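Novice: Here you go, one structure.
The values are calculated or read from the model by the stated rules, or taken from the named source; none is laboratory data. Quantities reported herein were computed from a predicted structural model and do not represent experimental measurements. Neighbour counts are summed over all protein chains in view; Cβ atoms, including those assigned to glycine, are modelled from backbone coordinates with ideal geometry. Just the protein is used for accessible areas: all its heavy atoms, side chains included, with ligands, DNA and RNA removed. Shrake-Rupley method; radii C 1.70, N 1.55, O 1.52, S 1.80 Å.
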Amino acid sequence: MTVYIQSNTFLRHQTGSHPECTLRLETVMNLVSTAAIPNLLILNDPQTRSGEEILRVHPEAYLNQLQAFSAAGGGRIESDTVMSADSYHVTRYAAGCAVEAVDQVISGEVKQAFCAIRPPGHHALSDRAMGFCLLNNVAIAARHAVDFHGLNRVLIVDWDVHHGNGTQDIFYEEESVYFFSAHRHPFYPGTGLGHETGSGAGLGTIWNLPLAFGISREDYFAQFERMLVDAATRCQPELILISAGFDAHKDDPIGSLGLVTEDFGTLTRLVKGIADEYCAGRIVSLLEGGYHPQKLAESVVCHLTSLSGD
């Protein structure tokens, strides 16, 4: 069984004409509700916790900054990132949903989980908003799996078209969380080259696959699968987290690496095969980018169908 977590709470993060807007999630929620995906449990408005779980990744001073900025009515907290009066509450709730998904998967209530959350998170540094992101949801989820549930090895797979620089930075010197990112390069945010492999105790835990615009879909999948297998062989993960961005779609207005909707089902099956081999199929997937609302929704349905399929 796969759980799909959603909430109208995420629509309260108002960004106006910004690409990361409420229409993205409204379209996803509407399409999932009519898709009749087998083995999928839709969970609305879960109860969450997001206190010390967030503080394991983000310092209190940064949270206070976000809260004060939101309370003052919001605006652009940095050049690319918009907040509204409710954004602080919403971003904490998004992190809480990620934590709840980890709890459900590790406890065995469900085998996989997908969180249709916003704002996204993988660019957020521990003490700074960046690239539409306020709190790093996948980092909070990974830290919760290690520090609260006692896992020794977690693998984060990030297939968003943009490199997850915040996630990489947070875990760059740590040995329990591995990070594999396949992303367009050169492109925003400019990080994610092959020589970035971690340092100190984390040396060898970072795996980057920079891909040039115009790469064929066949080459994309061949390189993705090869590095995914290598990273998983090294990590031997007990849980896999996915930073599931869908902006590598050929129709995305911001990103694109030439993928079509069905390709996100292929990516999901590749990761699911690794999860079945190493960690009894345990996957928690978190929504990141994807800025063509209809193509995003169709890609999410494809992802969910593959995630929940036997």
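Novice: Only one of these is open to solvent by 10 Å² or more (accessible area, probe 1.4 Å) and among the acidic types (D, E): D251, D247. Name it. Working first, answer last.
Specialist: Details: D247 fails: open to solvent by 10 Å² or more (accessible area, probe 1.4 Å).
When all the criteria are applied, what remains is D251.
Novice: Given (1) open to solvent by 10 Å² or more (accessible area, probe 1.4 Å); (2) part of a helix (DSSP H, G or I); (3) out of contact with any Lys or Arg (no Cβ under 6 Å at 6 or more places or on another chain), identify the lone condition not met by S306.
Specialist: (3)
Novice: Taking region 257-268 only, how many residues are surrounded by fewer than 20 Cβ atoms within 10 Å (Cβ to Cβ) and either more than 18 Å from the chain's Cα centre (by Cα) or without any contact (Cβ under 8 Å) to a residue 40 or more places away in the chain (or both)?
Specialist: Result for region 257-268: 3.
Novice: Is it the case, given these coordinates, that E225 is surrounded by 15 or more Cβ atoms within 10 Å (Cβ to Cβ), touching a Leu at 6+ places or on another chain (Cβ under 9 Å) and charged (D, E, K, R)? Lay out the reasoning, then the answer.
Specialist: Working: surrounded by 15 or more Cβ atoms within 10 Å (Cβ to Cβ): yes; touching a Leu at 6+ places or on another chain (Cβ under 9 Å): yes; charged (D, E, K, R): yes.
The answer is yes for E225.
Novice: A follow-up question, please. Within region 152-200, which residues are charged (D, E, K, R) and over 21 Å from G258 (Cβ atoms)?
Specialist: Matches in region 152-200: R153, D169, E173, E174, E175, E196.
Novice: Any residue in region 273-291 that is under 20 Å from E109 (Cα atoms) and open to solvent by less than 10 Å² (accessible area, probe 1.4 Å) sitting within a Cβ distance under 9 Å of a residue that is basic (K, R) and assigned to a helix (DSSP H, G or I)? List the pairs, counting only those 6 or more apart or interchain.
Specialist: Taking only residues 6 or more apart or on different chains, the pairs are G281/K272; I283/K272.
Novice: Further question: Evaluate the following for F148: is it touching a residue at least 60 places away in the same chain (Cβ under 8 Å), open to solvent by 10 Å² or more (accessible area, probe 1.4 Å) and at positive phi?
Specialist: Spelling it out, it is not the case that F148 is touching a residue at least 60 places away in the same chain (Cβ under 8 Å), open to solvent by 10 Å² or more (accessible area, probe 1.4 Å) and at positive phi.
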